[in-house]
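The values are calculated or read from the model by the stated rules, or taken from the named source; none is laboratory data. Note that the structure is a prediction, hence the values are computed from the model and not measured. Here the Cβ positions follow ideal geometry from the backbone for every residue, glycine too, while neighbour counts run over all protein chains shown.
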Amino acid sequence: MTAALILIALLILGSTAVAMSLRNLIHSALLLVLSWMGIAAFYLWAGAEFVAFAQVLVYAGAVSMIVLFAVLLTRRSRADLSIAPASLRRAVAGVLAGGATAGVLTLAVLRTNLQIAPSAAPTVTVQQLGLELIGPQVASVLVVGVILTVALLGAVVLAASDRNDGKEDAP
Amino acid sequence: MLGTGIIKGLAVTAKNFVGSFYDPARLVTVEYPEKQIPIPENYRNFPFLVHEGDDPIATLRCVACKICENECPPQCIYIVAERDEKGKVLKKPKIFDIDIAVCMSCQICVEVCPFDAIKMDQHFEIAAGNRFEGLLLHREQLAKPNSYYQKIHPTEAAEVDAMLTAMKARQAAEKSAKAKPAPATQTPPPAA
Amino acid sequence: MNAPANTNSLLERAPVMIRDWIIGFFPESLRWPVGALLAIAAMLAVFGLVFAFLTLAERKLLGRAQNRPGPNRSGLPFFRGTKLFGLTQPFADAVKMLTKEDIVPRAADHLLHFLAPVLVVAFALMTFAVIPYGRQLVAVDIDAGVLYFFAAGAATELAIFMAGWASHNKYSLIGAMRALAQLISYELPLLLSVVPVVMLAGTLSPTKIVEAQANVPGGLIPHWHVFTPWGAVGFAIFMVAALAEANRSPFDLPEGESELVAGHLTEYSGFKYALFFMAEYFGMIGLTGMGATLFLGGWQAPCAFLEFIPSYLWFGVKMLSLILFMMWIRATLLRLRIDQLTRLAWKFLVPLALINLGTAAFWSRTDSWSGPLQFVRWAIALALIVVPFVVIGRRLTAGLAPRTYRYAT
Amino acid sequence: MNTLQLCLLISSALFCIGLAGALSRTNTILVLLGIELMLNAANLNFIAFWRFNPAPLPATGVIFVIFAIAVAAAEAAVGLALVIAIYRHQQNIRLQDATRLKG
């Protein structure tokens, strides 16, 4: 049980760390997909299979596609992808900030006396989830729907070019 | 309405699919090694040598005049004339090679031949395992009877034969006319 | 399971009995992994063979649709002259593919170039796990099976992108970009067309969705989702989107051999190419299998008295006829242009699928209507489908008169 | 240290990798991805607490994560649209160059 968790953790953290330090953007993006799949594996390990599949569908299926698309659209040549490393000061500052946060968080986690349930994972069926979503959480569902619609429209408005390339032929 | 075109198209392909089982005439392809499309008469690919009688090498029309060798644009013909014991050139080829890997089927050799000895063949199944020896044809492989020529190019062969017999008749007439005033001392006219 | 006698015949139970017999030889602790391995092996064997003969069927069908006989010459190795209608063609192809040289471009991204074909087959195979092939034949019966299926299917496009990127070839890269655009556009209608089924069946588990389409005892009319107004529309949208997801003609833009050489496959040869080919067919098998499960009643027989035929045969018949339909479409339709492709998805399929969601909601609210009200229910539902179809379709084709040809007749 | 603490350590490590990446990289896309990773780390926490809660609530953590994933997807879409707009404007996506508010 814990061994599987440690394996998953190594997968997530290793692929993420390498992805964040690679110079080739495409490799970074593909490694991040691997780490998102690792996170989905963690959800499976914890018994939340619906969330795991949603994670794969949304991250590996949609977000990664948009990221790759953005990477390919925002370059002028293949060499453009090997982005120059940031200045040393910036890199050191970033790693220091991350390390400091990690230290604070680790201390906080280790010092807190967290009680855990010895029992097995709570099971949640899809039906329960659906009832929960349309019952107590219906307001949040509506808000998320509005957010998604606004995000879609906003993305279209932002990314659409100003000039009109004339009428295209319809199918 | 949207989609009607797709349904029409599906109907067309379905009709062709079913029809190809019931109506063999629909099939546009020929199953090649078993069946062959008849070759058009004027089809040509590579040259061959015409011979008259039963012995292919002895009765070649070719006299090794090397006109075709000189005229051939890609230089694919190689001719060595036969010599007798004294070294005198005989009027037949000892070596007559055509490299059909080089030949470009231009038919110039046929056009320039004064003796109608080289003609274009229609045999196209000439694949060989070796592109140097396999595609270099010698006179034994090149020699084909006149009857074969008549078979593959009937119209053209009829003209050639008519011309040759007319020439022979004229020569015979000239010979007999000359024989009366003076005995034949000259060399005989080149064998046709 | 206390099913009626005719649904419990020997043939029906044969696969499960064989599995139980084999894992009976193993100790108790090993039974679960051995059973899983058996399921994987059986699936690989069956679908490998199905793939092999589908390639032949496709070539035959395309040939016949174009008035050619199709491949009919390959015989047996040591019997010259045998022909067998070309039935051994797939094996000859396999031998040829395996013995070909594997060429990797020098500038290629070697790791990704190697990983892409492996991943594309792996993801395509993962989708097979949740499809119920028969009454008790499902490899993994998970609660969110439909979601799992689409999650695994979405990942295949990532592998296609990897192939296109790693080849270091402009055609491959254009193919990869097209694959991405296509996936983003068609994932939405595909999922939206499935939502009504999930809504009305009230579950995300494929086995339960099949059970929801069970025959009424003694009934003659199949109780499948496709025979409801919303189901018919959902099925049509699902099939169009499935064609796009499987990169099949008329949506085979990522390959587009007339403009892109072979798209993402340009730099692949030999066994890796065969893997891509296999993945395409596996993707098709998976999507049609899911389509049959969601809309055509899965392994259910059309009427109750036909249930003596084993359920997995019914499933196979439905899946194969859907695949043959896809091939029929390939024989008929031309490839779309990329702007036409995205326009069709965003301006036609997505609005239609959203309206279909409303139709499904109406259908489920009026479940209690009976007698003459049944006709009213059908009329309203059909109107909810036909009117948007005509209106949106007219918008889509506006300004496009039937094409006139100046030089061709 | 119990399993819950291990999960929390994993998620805080993930959060810090995301933070360090977002701070130290100059490519806009990578900065966005770093922020995504931080969101994911938060999701790991939700699931971990839901899994090991001594007084289990049926679906709270899962619901939280579902909403977080939806919002993260929206964020990614808008963010990458912004990246494309920036690229169109200044022909690169270096973060330091995007300093003007008016363009």
Query - Residue pairs meeting the criteria (Cβ under 9 Å; at least 6 apart or on separate chains; first modelled with pLDDT of 85 or more, in the stretch D:1-28; second not in a helix (DSSP H, G or I)) - result: D:LEU8/A:THR112; D:LEU8/A:LEU114; D:LEU9/D:MET1
Report summary line: Taking the stretch B:24-45 and keeping residues over 25 Å from C:GLN66 (Cβ atoms) and either in contact with a helix residue (DSSP H, G or I) (Cβ under 9 Å, 6 or more places away or on another chain) or within 14 Å of chain C (Cβ to nearest Cβ) (or both) leaves B:ILE39, B:GLU41, B:ASN42, B:TYR43, B:ARG44
Query raised in the report: Of all the helices (runs of 4 or more DSSP H) wholly in the stretch C:225-327, which have at least 1 residues that are more than 11 Å from the chain's Cα centre (by Cα) and over 30 Å from C:PHE389 (Cβ atoms)?
Result: C:257-260, C:270-295
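Residue-by-condition table, conditions (1) within 14 Å of chain B (Cβ to nearest Cβ); (2) in a loop (DSSP other than H, G, I, E, B):
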site	(1), (2)
C:GLU12	no, no
C:VAL16	no, no
C:ILE22	no, no
C:VAL34	no, no
C:ARG59	yes, no
C:ASN72	yes, yes
C:PHE91	no, no
C:MET97	no, no
C:ARG106	no, yes
Query raised in the report: For the subset of the stretch C:367-409 comprising residues that are surrounded by 13 or more Cβ atoms within 10 Å (Cβ to Cβ) and in contact with a Leu (Cβ under 8 Å, 6 or more places away or on another chain), which member is farthest from the other protein chains (Cβ to nearest Cβ)?
Result: C:PRO388
Query raised in the report: In the stretch A:26-41, is there at least one residue being among the hydroxyl-bearing types (Ser, Thr, Tyr) and modelled with pLDDT of 85 or more?
Result: yes
Query raised in the report: Within the stretch B:144-159, is there a residue that is surrounded by 14 or more Cβ atoms within 10 Å (Cβ to Cβ) and under 19 Å from B:ILE79 (Cα atoms)?
Result: yes
Query raised in the report: Within the stretch D:51-70, is there a residue that is aromatic (Phe, Trp, Tyr), modelled with pLDDT of 85 or more and closer than 29 Å to A:VAL156 by Cβ?
Result: yes
Report task. Would you check which residues across the stretch C:302-319 are buried (at least 21 other Cβ atoms within 10 Å of the Cβ) and small (Gly, Ala, Ser) and list them? Result -> C:SER311
Query raised in the report: Are any of the residues in the stretch C:296-311 charged (D, E, K, R) and either at pLDDT 90 or above or closer than 30 Å to C:TRP165 by Cβ (or both)?
Result: no
Query raised in the report: Can you name every residue in the stretch C:328-353 that is assigned to a helix (DSSP H, G or I), touching a residue at least 60 places away in the same chain (Cβ under 8 Å), within 14 Å of chain A (Cβ to nearest Cβ) and surrounded by fewer than 21 Cβ atoms within 10 Å (Cβ to Cβ)?
Result: C:ILE338, C:THR342, C:TRP346, C:VAL350
Report task. Search the stretch A:144-155 for residues that are in the same structural domain as A:LEU133 (by TED's automatic domain parsing) and pair each with any residue that is in a helix (DSSP H, G or I) and among the aromatic types (Phe, Trp, Tyr) when their beta-carbon atoms are under 9 Å apart and the residues are at least 6 apart or on different chains. Result -> A:VAL144/D:PHE67
Report summary line: Exactly one of B:PHE115, B:PHE132 is of a type in the set (A, V, I, L, M, F, W, C) and under 18 Å from the mean Cα position of the chain (by Cα), and that one is B:PHE115
Report summary line: Pairing a residue in the stretch C:134-149 that is more than 9 Å from chain A (Cβ to nearest Cβ) with any residue that is among the small types (Gly, Ala, Ser) and in a helix (DSSP H, G or I), where Cβ atoms lie under 6 Å and the two sit 6 or more apart in sequence or on different chains, gives C:GLY134/C:SER311; C:ARG135/C:SER311; C:ALA139/C:ALA39; C:ALA139/C:ALA129; C:VAL140/C:ALA129
Report summary line: Within the stretch B:134-191, residues in contact with a helix residue (DSSP H, G or I) (Cβ under 6 Å, 6 or more places away or on another chain), within 29 Å of B:VAL102 (Cα to Cα) and either modelled with pLDDT under 85 or small (Gly, Ala, Ser) (or both) come out as B:ALA157
Query raised in the report: How about chain D: which helices (runs of 4 or more DSSP H) wholly inside it have at least 2 residues that are more than 8 Å from every other protein chain (Cβ to nearest Cβ) and surrounded by fewer than 24 Cβ atoms within 10 Å (Cβ to Cβ)?
Result: D:28-52, D:60-90
Requested in this report: Look at the stretch C:199-241 and say how many of its residues are polar (S, T, N, Q) and within 14 Å of another protein chain (Cβ to nearest Cβ).
Outcome: 3
Requested in this report: Go through the stretch B:1-23 and give me each residue that's hydroxyl-bearing (Ser, Thr, Tyr) and either assigned to a loop (DSSP other than H, G, I, E, B) or facing chain C (nearest Cβ under 7 Å) (or both).
Outcome: B:THR13, B:SER20
Query - strands (runs of 3 or more DSSP E) lying entirely in the stretch B:57-148 (those with 3 or more residues that are touching a residue at least 60 places away in the same chain (Cβ under 8 Å)) - result: B:118-120, B:143-145
Report summary line: Of those in the stretch A:10-59 that are among the polar types (S, T, N, Q) and within 9 Å of chain D (Cβ to nearest Cβ), the residue nearest to C:ASP143 (Cα to Cα) is A:GLN55
Report task. Please specify each residue of the stretch C:50-95 satisfying the condition of being within 22 Å of C:VAL317 (Cβ to Cβ) and out of contact with any helix residue (DSSP H, G or I) (no Cβ under 9 Å at 6 or more places or on another chain). Result -> none
Query raised in the report: Which of (1) on the phi > 0 side of the Ramachandran plot; (2) modelled with pLDDT of 85 or more does D:GLN91 not meet, given it meets every other one?
Result: (2)
